[in-house]
Amino acid sequence: MERLFHEKGMNWEEIEKTLNSYRKDDVDWKRGRVPLYAFYADDDISEIAKKSYMMFFTENSLGHKAFPSVAKIESEVIRMVAQILNGDSGVVGNMTSGGTESIFMAVKTARDWARKIRPEVTAPELVLPRTAHPAFNKAAHYLCIKVKRVRESSNFRADISAMEVAINDNTIMIAGSAPSYPHGVIDPIDEIAKLASKRNIWFHVDACVGGCLAPFVKKLGYPVPDFDFSIPAVTSISADLHKYGFTPKPASTILYRNEDYQKYQSFTFDEWPGGVYKTQTFQGTRPSGSVAAAWAVMKYLGESGYLEIANKIMNIRKALIFGINAIPGLKIWGDPDLSIIGFGSDIIDIHAVGDNMATKGWFAARNLEPPALKHMLMPVHEVMIDDYLRDLNESVNKVRGEKVVAEKREVIY
Ligand SMILES: Cc1ncc(COP(=O)(O)O)c(C=O)c1O
């Protein structure tokens, strides 16, 4: 077996050369060839993020007493996100490592809230539209909660009557997405809120994708439905910064309507020699670099910066939708609200098109139901539109007329 851990350390030149050699098969995100994962707006924002990240590279956000600066920075980030999401001064929250952890914390907090407020519930359940992110199931799996996923309606948005049927006396949380990852549509949050109010159920809005985008798209005048704390029955919201906040990973937020909910989130343990150990979120040691960088990028951009980015994204979206619709046989699935666009066909094997695109250096993000290629658009995609549409047209023509393969393909995510 090749020995990887050498007796003598490497110098930087060798390290850099080796790491670069490992990158040779990576898809080129800077040329817009990756439709998700690598959120990038521009070099100026990246520089601000890198500089502020490096300032707090060594600090640890577990140690708020030792580093009151990082406690202050995190609380200001939370306040900024709360303001973006129409929260009043009672809204509280924490930064987490990502959407998955934010959702995990919401589910855990809702479970512990229900244990206290609704002790008659002994077998807790979550009710979700089928389009909700798998992070809910991951959380429920770890926390021993049953999940009921309810079929979405034909426009890919949550089916309110189906959700109502699924809710019972054991339901401790219901959720909706703003927007959903598969189809990019915002669930009818105001309608789900009515279900939550009627039964005094915790209502979580997963705005991991839309939290730092939808409010600005709406301010630009696009028709974006309400989804945030302006709806009184919304109990908690997950909103990622490392997606449309354009701040470096890992950075997300979990926000609660008020402290009466958030107080069920923390974990405390003192039956060991070390005394009282208390954390707000899942992690122990936490990076402070991404907290400082989130603060810095948000301060640097301000509302005008986020509006400019949102405008750019919506223009890219327009160009992409126009180009896709111009290719005979292709169509956009549903009526996406923001930056996630999924497209497919009734007559062309769209996954075969994706395979062909991959040979041309494009990473193909996919859905299965209905079969689709998809994009989560960001400013870096501005450079790719013409090349992408040309290659897409060629790929469609290559497989046009071939039989549509019905079997399920593995979706890389
Ligand atoms: C709607 C939605 N929620 C949650 C998540 C999970 O976020 P993360 O990958 O940061 O854990 C994602 C990721 O794409 C998402 O699209």
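Some notes on this structure:
- If you take all other residues with their beta carbon under 13 Å from the beta carbon of residue 391, and give Lys and Arg +1 and Asp and Glu -1, the sum is +1.
- Listed residue (247, 272, 336) projecting farthest to the positive dipole end of the chain, Cβ model: 272
- Residue order for 144, 212, fewest other beta carbons within 10 angstrom first, comes to 144, 212.
- Packing-based exposure ordering (other Cβ within 10 Å, fewest first) of 61, 304: 304, 61
- In loop segments of segment 49-85 as defined by DSSP, the trypsin sites (Lys or Arg not before Pro) with at most 12 further C-beta atoms inside 10 Å of their C-beta are 65.
- At full extension, residue 16 and residue 120 could sit 31.6 nm farther apart than now, given 0.36 nm per residue minus the alpha carbon distance.
- Going by neighbour counts of Cβ atoms within 10 Å, the residues 96, 131 line up, fewest first, as 131, 96.
- Measuring nothing but how far apart in sequence close Cα pairs (under 8 Å, 6+ apart) lie, relative to its length, segment 48-299 scores a relative contact order of 31 percent.
- Trypsin sites (Lys or Arg not before Pro) within segment 221-290, DSSP loop, no more than 16 other Cβ atoms inside 10 Å: 263
- Computed packing ranks the peptides 158-164, 335-341, 14-20 as 335-341, 158-164, 14-20, most packed first, by mean other Cβ atoms within 10 Å.
- For the chain, the equivalent ellipsoid built from the Cα gyration tensor has semi-axes of 34, 30, 21 Å, listed from largest to smallest.
- Karplus (6.51, -1.76, 1.60) ³J(HN,Hα), θ = phi - 60°, over segment 58-72, in Hz, Gly and Pro reported as x: 9, 5, 9, 6, 6, x, 4, 6, 6, 10, x, 4, 6, 5, 5
- Under the simplified labelling scheme, the residue 404-residue 199 pair shows an inter-label distance of 3.6 nm, with each label point 7 Å from Cα along Cα→Cβ.
- Sorting the segments 177-189, 213-225 by their mean number of nearby beta carbons within 10 angstrom, highest to lowest, gives 177-189, 213-225.
Where a number appears in this text, it was derived from the coordinates with a stated rule and is not lab data. Fair warning: this is a prediction, and the values are worked out from it, not measured in the lab. Positions of Cβ are generated from backbone atoms using ideal geometry, with glycine treated the same way; all protein chains shown enter the neighbour counts.
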